[in-house]
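Below is one structure, written out as structure tokens, with a few remarks after it.
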Amino acid sequence: EAGVVQSPRYKIIEKKQPVAFWCNPISGHNTLYWYLQNLGQGPELLIRYENEEAVDDSQLPKDRFSAERLKGVDSTLKIQPAELGDSAVYLCASSLTSDNEQFFGPGTRLTVL
Amino acid sequence: GQSLEQPSEVTAVEGAIVQINCTYQTSGFYGLSWYQQHDGGAPTFLSYNGLDGLEETGRFSSFLSRSDSYGYLLLQELQMKDSASYFCAVNRAGGYQKVTFGTGTKLQVIP
């Protein structure tokens, strides 16, 4: 069974540029999560989807971050414009339902110059 | 809000036993999870404690005391491949529904 797929694995951009990350969850998983992880820290939840509905986006900086999961399968996280402080690893995770263990993708390492 | 405390680094010898402690403060506590993350890798789920007591999975065991807001992960027969970061995470309001991660403990296993 394929795991959670994320792309790109690495991205380097200049500040004020836009950037987008893509995630394909495990087939059949209804719940999808986007996390941000800074070096030496634990993952911090940005947004959680139940199918196509964003049910927890309280930690998402909505002035510059946006996300979508239009068909309830894969998802895109966008930052526009990026700031230096956005440099981090962006992790996507999925679970069968919100009451099941989460499976994480390999993450996208973003560097903002 | 929520807070979790765990040691930032632990070093242990191959073949030995190591315990990684985690104390937490949170509302709506449901259970404590543990995740392992190798450098550059994805976090992987290790265990979940919803009730007080010890849960054993092979070489790894996890313990929870709700009254003490405390838990630990016990790794036995340490192997070099166990060198990784270990995160405790509180589950709130519905099992795995909301998970808040600690800052992690970096375990180094030495020969």
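Derivation of every value follows stated rules applied to the coordinates shown; laboratory data play no part. What you are looking at is a predicted structure, and each value in this text was computed from that prediction instead of being measured. Quick reminder, even Gly has a Cβ in these numbers, built from the backbone with ideal geometry, and neighbours come from all protein chains shown.
Amide H contacts of A:Asn100 (H built 1.01 Å from N, in plane; Pro and chain starts excluded): B:Tyr96 sit under 5 Å, all sequence-distant by 5 or more or on other chains. Taken along the Cα-to-beta-carbon direction at a fixed 7 Å, the label points for A:Asn51 and B:Asp39 span 4.4 nm.
To make sure I understand, if each residue's beta carbon is the centre and we count other beta carbons within 10 Å, what order do A:Ser95, A:Ser58 fall in, fewest to most?
If I rank by nearby Cβ atoms, fewest first, I get A:Ser58, A:Ser95.
Quick check: Cα centre of the range B:24-92 to Cα centre of the range A:72-113, how many Å? Spelled out, the Cα-based centre of one part sits 22 Å from the other. Inverting the pair-averaged 1/r between distinct Cα atoms of chain B gives 13.9 Å as its Kirkwood hydrodynamic radius. Pair-distance distribution P(r) for the protein assembly as shown, from all Cα-Cα distances in 10 Å bins starting at 0: 8, 33, 35, 20, 5, 0 percent.
Across all directions, the average projected area of the convex hull around the alpha carbons of the range A:65-105 is 3.7 nm².
Qualifying trypsin sites (Lys or Arg not before Pro) in the range A:1-85, where qualification requires a DSSP coil assignment and no more than 15 other C-beta atoms within 10 Å, comprise A:Arg9, A:Lys15, A:Lys16, A:Lys62, A:Arg64, A:Lys71.
Of the GluC sites (Glu not before Pro) found in the range B:21-111, those in coil by DSSP whose Cβ has at most 13 other Cβ atoms within 10 Å are B:Glu77.
On a 28 Å Cα-Cα criterion, which of the cross-link pairs A:Lys15/A:Lys71; A:Lys15/B:Lys98; A:Lys11/A:Lys62; A:Lys62/B:Lys98 come out too long? The partial results should precede the final answer.
Details: A:Lys15/A:Lys71 31 Å; A:Lys15/B:Lys98 32 Å; A:Lys11/A:Lys62 21 Å; A:Lys62/B:Lys98 20 Å.
Check vs 28 Å cut-off fails for A:Lys15/A:Lys71; A:Lys15/B:Lys98.
Which whole-number percent of Cα pairs in chain A have a distance greater than 18 Å? Show your work: numbers first, answer last.
Working: 2763 of 6328 pairs.
For chain A, the fraction of Cα-Cα distances above 18 Å is 44 percent.
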